[in-house]
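The values are calculated or read from the model by the stated rules, or taken from the named source; none is laboratory data. All figures in this text were calculated on a predicted structure; none of them were measured in a lab. Surface areas here come from the heavy atoms of the whole protein model, side chains and all, with no ligands, DNA or RNA. Shrake-Rupley method; radii C 1.70, N 1.55, O 1.52, S 1.80 Å.
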Amino acid sequence: FFGLLSPRGGQPLCGGRAGGKGTFTEKVMSEAMENCSSTATVGNSTVCYVNTGVGFLHDFSIAAWTVAGTCAVIAAYNYYIDCKLKAQKREKKEKDEEAALRKDGGLAHYGTMSTKPRPSQAVPPKGKSIAAFLANIEGMEASGNFLSAILSQMWQHINIAVGKTIKDVLDPTLKELPVPIHFVKLDLGDVPIKTENMFIHRVDLQSSTAGKKERKAGVQIDVDIVWDGNCDIMLQAIFNKAMKVPFGIKKLKLAGRLHILLSPLTTDIPVISAVQYGFTNPPDLELSFSGLVKGLNNLDFVTTALPPLIQSALAGVMVVPQRMVLPVDPVSYDYLDTYQPPVGMLRITVEEGRGFQVQRKALLKDIPDVYCKISLGASDKCKTSTKRDSLNPIWNECSDFILYDIDQKVYVTAFDKDTSVDVDDKLGKAEITVRDLFRNDGRADLELELDGMKDGIFITLSADLFHLSDQVQSFTSSEYDGKNKLCGLATIIVTKAFDVPLPKEDAATSVKVVYKSSDKERTFYTGAVMDYPGIDALNPSFDSVFHVPLTADMMGSSPKSKDKNSTNTITLTLIDGEGANGTAGHGELGSILVTPDDLYSAPKHTITKTSPIGTGGAKLEYMVKFSGILSEEEFKQGVASDEKYGATIFEENDAPALTGDVDVGSCVAIRVTAVRGRGFQVKKRRIGKNDIPDVFCKILLKSPGKEDSPKW
């Protein structure tokens, strides 16, 4: 019978009709009446009011002790954090003093102290390191105004051409979105692209210093692209046949470093065999939307998903290692000669961090649990371990990446690991080009930036350059086994197909490349080639290259490898899709399988073939290669032999002579290329048209005292 508080300052304890004598109710009521401060009769009921002053003081004391205890716990925890921070600062100070003494040679009298230099601080070999040479390669600088003026005069034509390319690249991807989107209008506006900070240099020296025997002369132009376009792009989201919502892109900003590669160079007009171009790093992209994008909940994903979708599509065709190729001299053009291999393998070591701040979360101090994500150019990100409760974390953890250009950027982002379900807090990010990193002796302190502000937080990185080699000892070496480490590279190049057994109007062929290893499958596709003026759809040129970084686990050589007999097979499949005239595709036309044994037994672990594919008479031209990795010391010293795979590498002065006497039983392979001819005459006829000769050559190798070799 509990009631409300009384105006008299008491609280009604109980109330009700009196019971009979000797009953339980009577005993309870009599005890209650003795403690009542006042009573009142309401009808036939008696209400007893109890003074609650003592109870209130008791409750207040409990609450006070609870608050005091909580404050004491918080104070004790914060004191513990402060003590921990002081200990970390003291430890860091001692390490800094010790490092300074080591640097000055002041620890000579400490007999038990041993000092081991970092790999990046070791005494370099005689002469300049190859990484330092690449970082300081000579060239010419220009403002880029000349190229800007050319683009300005050509912009009306570039607008149409680039617009078609954007539509062709993005349309298939936009159709696969949760709400399909397609282009209605695409006009890049009247503001042309501007170029600045141009650097022009030769690339044949890079090839010769990266361990390649062939010296392919070429010129590379690196230039910054800046575009703040007032475009008029209209798209349409299709919810169903009855509901189609238009929206637009009214502003587009694009900025990035573009490289233009003129290679290989010849001694005949037009001198340049082909032009390749692409972005060195993923360009910065900003989009401003108009229309109903923000008004409809179903289109919210457009503002967040569309920019990275465009970035991804752009990276698939125009960010290294992908480049657009434009043949200039069809007579001398060969994609295998035009192809620019990677510079090497870059090992980035995240050494340590400093300057991280204590975070305030509610009433508690929180020392961040720091980890880093690191990437190179458009590569996948690698992650370090998490260092808990540290303002000066030390990792010394490395990650390997394939380096394609010395101006690629290393991106590092630091995070605070959250133990709850919340998203990890971003602490800052920084970036540096590989060129700048090696100009600084392969080591740099990067200050992190968050929301445009720098707060004195630094991450120390170091870098080492490894070289790609015909030797594959690295596949089984423990030096290249471990988390985020690479042991080699698989290169797959698809150049051409011949004699596609289809009507020309129906053909729309592409090649699917599948690299199957013990952990997963990696699938790549070339572009589709279909009937178009100037394009031979029955003998299509794909000119595509794909790289698969190899790990010890993939090759089955790691102790932790799940499959010691790793397959690592490569399958090339010729596919026909929907034709230019709308005809249905014919699907798979045939496949070619390349096994590891094929590559291990091939000269320099390289297979270059034109092989039949399928049963219809088609042929496919391709190249597949396994490359191992050599450190700079290994590269300069040379490797005596590859016992397991039967390959040999020679020092420069030990190469076998190609002239003079050759030991009996030895074999030297040479390649003879029929390049071109000139001076052939037209045969004049009295009757009919003059005859232009159809020329072929027979080539044979003659050896003294031996029979002639077979003619080719």
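See the values below:
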| read-out | value |
| --- | --- |
| Most to least accessible of Glu176, Glu505 (protein chains only, probe 1.4 Å) | Glu176, Glu505 |
| Cα-Cα pairs of the range 141-189 separated by more than 17 Å (percent) | 51 percent |
| Cα-Cα P(r), the range 461-590, percent of pairs per 5 Å interval | 2, 10, 17, 16, 13, 11, 9, 8, 8, 5, 2, 0 |
| Potential extension, Thr173-Glu91 segment - 0.36 nm per residue separation minus Cα distance | 24.1 nm |
| Value of Rg/Rh across the range 354-397 [Cα atoms, Kirkwood radius] | 1.09 |
| Computed accessible area, Tyr411, all protein chains, 1.4 angstrom probe, square angstrom | 50 Å² |
| Links that overshoot a 18 Å alpha carbon limit, given the list Lys496/Lys604; Lys381/Lys429; Lys496/Lys619; Lys175/Lys251 | Lys496/Lys604; Lys175/Lys251 |
| Extension reserve of the Ala255-Asn484 stretch, reckoned as 0.36 nm per residue once the Cα distance is removed | 79.4 nm |
| Expected-Rg normalisation [2.2 N^0.38 Å, Cα atoms] applied to the range 402-454 | 1.42 |
